[in-house]
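The values are calculated or read from the model by the stated rules, or taken from the named source; none is laboratory data. Quantities reported herein were computed from a predicted structural model and do not represent experimental measurements. Please note: Cβ atoms are built from the backbone with ideal geometry, for glycine as well, and neighbour counts cover all protein chains shown.
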Amino acid sequence: MASYEPGGGPDFVGIATGCDMPEGWAALFGKGNAGPLLVLTSGVLMHALSLRVVATVLPSAVAEIGGLRFFAWTVTVAFLGAISGAAFAAPLAISRGLRGAYRISLLLFAGGSAVCATSPDIGMFLAGRLLQGLGGGLLTALAYTTIRRVFPATLHTHAITMVSGVWSAGALSGPLLGGVLAGWGLWRWAFWIDVPIAVAVAALAERTKLTGRDSSPIRGETAARIGFLRLALLGVAVMAMAVGGTSGRALAGGGLMAGIVLLAMMLRLDAAVEPGPGGSRLLPTGAFDPRNTLGAVSLAMALMAGSTTAAFYVPYVVTKVGGHAPIVGGYLSAAVAVSWTLAAFAGASAGRASARRFVICGPALEASGLILTAWALNTGSLGLVAAALVPVGAGVGLAWAHLGSLMIASAKEAERDLAGSFISTLSLIAQAFAAAFAGIVANLAGFADPALGPEGVMRGVFWLFLVFSLLPAVAVLAGLRAVRSSP
């Protein structure tokens, strides 16, 4: 991938320009901003709420329809669908406008939820999760696309922080709802409730005036310009690793290598595509290339986001090994999202010097939390587990919005729209690969081995958290590179 040196411009904000303080929160809720902000946060809230409800009821769902070895797949296929959805966000916003893009995303999400709710077996359930992910990925990426198109650059950091806040709201309410439904044996209703919520969000989007630069449809530009071959390569790469995670040691290694090779092929093909309107590229120029600012930023964000997927195993350990109620496991896993949000709000208005420190210290804090969680889960103490998960989310929260703002500012002018939606896309790509890799690590360590029972589950999760702590450790180096190369 060729090296790219970003140019300056009036859209540079926060640590990208050295501005000491972006606009305050009042401007974000000012006239003309409140309506679009409500639409984008409502879409993300629906997706965030569903994720936490599903995470809480998954142990009950898998116990009824079977498929413990495919436990990681329930997360992997959702992220895989979300990657495709996020990739379509920018071209859909161009060809259909923001309102039209929201219609499509909500229809896909509600349809996937209905499929999950009626699933008789793990195969149909996974198909529903794929559709859910497609709609959810669109909703999340559209939030960042809306921020880029509707809000001024001086409000980008605060708007991105609001998106993080919405994830926290879902994290707080989702486990309660999921725990109640699982406790009553009504886990299917965790999916049915998405349908009326989607209808309500769609009505809100229809009544809101989504105005701003480039916010209207541009006829003649269609989603057909998406690189389907590159998306297919990405999907096959993720599934190769996922298949390896449910197989023996030899196939696990082969799946991991195949995934890495296919990912490298996809990145190489995407780098060869000429940048242009309509979303012809999946990644902005220089993505994941540590030789430039945008590449270092995207690498750091990917490593940090991918590491958090280890928390999806916490509810299973707490409910099936610890014997606690589903709501307990749901809230423990939600500790990552809540601490992420609190840290994001605490650091949103940081000046340039503090923002640079957050970008470096955030992943270091996350790595320490993952190591502590590996130890805390084996103590059986719920309090220690909760305390250990806090730095996992807080580390990401401190750095995420500043890295996202820097990513948009570091992109080429013609790729700012793509860079905005890529904030979501790269997180999804990282989490999809990380979820598949988690299946490999956990299952090789004994997670799904019936002969080992609960001991195998604990051993698998212990090694999962330890191995995943290496990812944010590498993100520290990427963060250092990002702040040193930024203006």
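Results, tabulated for the structure shown:
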read-out	value
Which listed residue, of 104, 122, is closer than 28 Å to residue 440 by Cβ, of a type outside the set (Lys, Arg) and surrounded by fewer than 24 Cβ atoms within 10 Å (Cβ to Cβ)	122
Identity of the residue in segment 188-211, surrounded by 19 or more Cβ atoms within 10 Å (Cβ to Cβ) and modelled with pLDDT under 85, that ends up nearest to residue 58 (Cα to Cα)	205
Test: residue 433 is within 22 Å of residue 320 (Cβ to Cβ), touching a helix residue (DSSP H, G or I) at 6+ places or on another chain (Cβ under 8 Å), in contact (Cβ under 8 Å) with a residue 40 or more places away in the chain and in a helix (DSSP H, G or I)	no
Long-range neighbours under 7 Å by Cβ, at least six apart or interchain, first residue modelled with pLDDT of 85 or more within segment 391-407, second aromatic (Phe, Trp, Tyr) and part of a helix (DSSP H, G or I)	393/340; 394/340; 396/340; 397/340; 398/358; 399/358; 402/358
Extreme residue, modelled with the lowest pLDDT, among residues of segment 263-285 that are surrounded by fewer than 20 Cβ atoms within 10 Å (Cβ to Cβ) and assigned to a helix (DSSP H, G or I)	271
Top-ranked residue in segment 100-114 [being more than 19 Å from residue 71 (Cβ to Cβ) and touching a Leu at 6+ places or on another chain (Cβ under 6 Å); ranked as modelled with the lowest pLDDT]	101
Residues of segment 142-158 satisfying the condition of being touching a Phe, Trp or Tyr at 6+ places or on another chain (Cβ under 8 Å) and modelled with pLDDT of 80 or more	142
Inter-residue pairs, beta-carbon under 6 Å, first of a type in the set (Lys, Arg) and in segment 309-325, second assigned to a helix (DSSP H, G or I), 6+ apart	320/59
Residue match in segment 403-411 (condition: in contact with a Phe, Trp or Tyr (Cβ under 6 Å, 6 or more places away or on another chain) and farther than 22 Å from residue 378 by Cα)	yes
Residues (within 24 Å of the chain's Cα centre (by Cα) and either among the small types (Gly, Ala, Ser) or modelled with pLDDT of 80 or more (or both)) located in segment 235-255	235, 236, 237, 240, 242, 244, 245, 255
Matching entry among 376, 337, 367 (being small (Gly, Ala, Ser), crowded, with 18+ Cβ neighbours inside 10 Å and at pLDDT below 85)	337
Residue check for residue 136: part of a helix (DSSP H, G or I) and without any contact (Cβ under 8 Å) to a residue 24 or more places away in the chain	no
Condition check for residue 426: of a type in the set (A, V, I, L, M, F, W, C), farther than 27 Å from residue 323 by Cβ and out of contact with any Phe, Trp or Tyr (no Cβ under 9 Å at 6 or more places or on another chain)	no
Among the residues listed as 82, 90, 78, the single one being modelled with pLDDT under 75, crowded, with 24+ Cβ neighbours inside 10 Å and either among the acidic types (Asp, Glu) or under 29 Å from residue 147 (Cβ atoms) (or both)	90
In segment 441-487, residue surrounded by the most Cβ atoms within 10 Å (Cβ to Cβ) [restricted to those that are outside any helix (DSSP H, G or I) and of a type in the set (Gly, Ala, Ser)]	486
